[in-house]
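Engineer: My questions all concern the structure below.
The values are calculated or read from the model by the stated rules, or taken from the named source; none is laboratory data. All figures in this text were calculated on a predicted structure; none of them were measured in a lab. Neighbour counts are summed over all protein chains in view; Cβ atoms, including those assigned to glycine, are modelled from backbone coordinates with ideal geometry.
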Amino acid sequence: MNHAALSPGTAISGFMRLMTRRMEDHVVTREMELVPYKLTKRQGWACIQVVTGPDGHVKEFSLVHLAGILISELRHKAEAHLGREVANAVIAVPQYLPYSGRQDLASVGRYDLGFHGFKVIDQQIAAAAAYHHHTKRGDGKAVLVFHVGGRTSSATIYKFINGTARHIAARSDLFLGGDDFTARIVDYMAGLIRRRHQWNIRQDKEAQLRLRVACEHAKKALSDQEETLVQVDGGGISLSAALTRAKLEEMNRDLFHRALDLVDEVVMGSGRPRVESRKDMVDEVVLVGGSARIPTVRQFVKDYFHGRGPNSRKGVEAEEAVVRGTAILSRPEAARYVEECFDHLYGG
């Protein structure tokens, strides 16, 4: 986040939603309106163009190449930490990534990066595994995984049968997440600065970026406390303003409801008569993503399921569930499970 503030044109994030998409795709068109870097076209496919040096040198990256760079960097960090070679990998990807995108990633892992074994699995399945729903204790249960991340949100229902995930339903909003919640805080604070100091912070790019970083920190702090301070300097002005959790909830309530609509769509089914008893068909609820830590999001889910709260397990945080689950599924005894899930869901 700090790098994005200091050098927005070179900080790339959220690019997975662009993979395997044509330049004319509505997702690419919308992305072009939101990001500070340029999206270009290569043989019809969307690519990302960034300035890579102080001399203004421009470089173009395909989405799968960017994924390869990220995986390679993670591998180097893991090897430095472990003090030995990392020869195999299991990576988790969004449920909406199509089979062709998974094949591209597998090819990069095996042929470009030289992994001996390289497997791809859904983030949602990994999150469920973090709570051991892939084991006998979860056999036959319908598990709803509700993901509220930084850029995207999704709701997915799986049923685990004999250790294999059977996909039931899924809905995604590729442009709803924590960044949108932060943007609401930025708008509120920018208005406050203008009223107090007669200064339009949006005319000062660097100050605006610092404000966004401060608002992001404040949003995270309000997951654990009722009130925090938003502090930012710029234009000869120093601002320190209180922000309460209640205010955060008020300014984002419509977005929280929009996220919960994804849950309602997978539970009730699109175009089907509304039957409240369908909620009882969901045996377990798992919350995933940093923004799933927001108390209002958790409360909305609990209220929707008539007081039945999401899963909780000591040591498993919502933003870490996918990583923990992927680590569990990387164990040798889970190899068959990973293969069978991939084959069943994506025809591998």
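Engineer: Filter the range 33-75 down to the residues that are of a type outside the set (Ser, Thr, Tyr), modelled with pLDDT of 90 or more and assigned to a helix (DSSP H, G or I) and list them by number.
Structural biologist: LEU63, VAL64, HIS65, LEU66, ALA67, GLY68, ILE69, LEU70, ILE71, GLU73, LEU74, ARG75
Engineer: Select, from GLY138, GLY149, the only residue that is touching a Phe, Trp or Tyr at 6+ places or on another chain (Cβ under 6 Å) and crowded, with 18+ Cβ neighbours inside 10 Å.
Structural biologist: Selected residue: GLY138, the only one of GLY138, GLY149 that is touching a Phe, Trp or Tyr at 6+ places or on another chain (Cβ under 6 Å) and crowded, with 18+ Cβ neighbours inside 10 Å.
Engineer: If you don't mind, there's one more thing I want to ask. So which residues in the range 71-85 are without any contact (Cβ under 8 Å) to a residue 24 or more places away in the chain and not charged (D, E, K, R)?
Structural biologist: LEU74, HIS76, ALA78, ALA80, HIS81, LEU82, GLY83
Engineer: Take HIS167 and decide whether it is in contact (Cβ under 8 Å) with a residue 40 or more places away in the chain and of a type outside the set (S, T, N, Q).
Structural biologist: Answer is yes for this residue.
Engineer: Return the residues of the range 184-211 that are crowded, with 17+ Cβ neighbours inside 10 Å and under 15 Å from LEU248 (Cβ atoms); say none if nothing qualifies.
Structural biologist: Passing the criteria: ARG184, ILE185, VAL186, TYR188, MET189.
Engineer: Next question. Kindly indicate which of ASP55, ASP122, ASP112 is closer than 26 Å to ILE168 by Cα and of a type in the set (D, E, K, R).
Structural biologist: Unique residue meeting the criteria: ASP122.
Engineer: Quick check on my filter: what residues within the range 240-275 are modelled with pLDDT of 95 or more, among the basic types (Lys, Arg) and either farther than 19 Å from VAL148 by Cβ or touching a Ser or Thr at 6+ places or on another chain (Cβ under 7 Å) (or both)?
Structural biologist: Passing the criteria: only LYS247.
Engineer: Let me ask something additional. State whether one or more residues within the range 268-276 are in contact (Cβ under 8 Å) with a residue 24 or more places away in the chain and outside any strand (DSSP E or B). Spell out the reasoning first.
Structural biologist: Taking the range 268-276 first, the residues in contact (Cβ under 8 Å) with a residue 24 or more places away in the chain are 269.
Those still in the list that are outside any strand (DSSP E or B) too: 269.
Yes, the range 268-276 contains at least one residue that is in contact (Cβ under 8 Å) with a residue 24 or more places away in the chain and outside any strand (DSSP E or B).
Engineer: So, in the range 328-347, exactly how many residues are under 18 Å from HIS116 (Cβ atoms) and either outside any helix (DSSP H, G or I) or at pLDDT 70 or above (or both)?
Structural biologist: Final tally of qualifying residues: 3.
Engineer: Suppose the filter is of a type in the set (Val, Ile, Thr), surrounded by 16 or more Cβ atoms within 10 Å (Cβ to Cβ) and under 23 Å from VAL145 (Cβ atoms); does VAL232 pass it?
Structural biologist: Against the criterion (of a type in the set (Val, Ile, Thr), surrounded by 16 or more Cβ atoms within 10 Å (Cβ to Cβ) and under 23 Å from VAL145 (Cβ atoms)), VAL232 does not qualify.
Engineer: Of the residues ARG324, ARG331, which is under 18 Å from the mean Cα position of the chain (by Cα), surrounded by fewer than 20 Cβ atoms within 10 Å (Cβ to Cβ), basic (Lys, Arg) and over 12 Å from HIS147 (Cβ atoms)?
Structural biologist: Unique residue meeting the criteria: ARG324.
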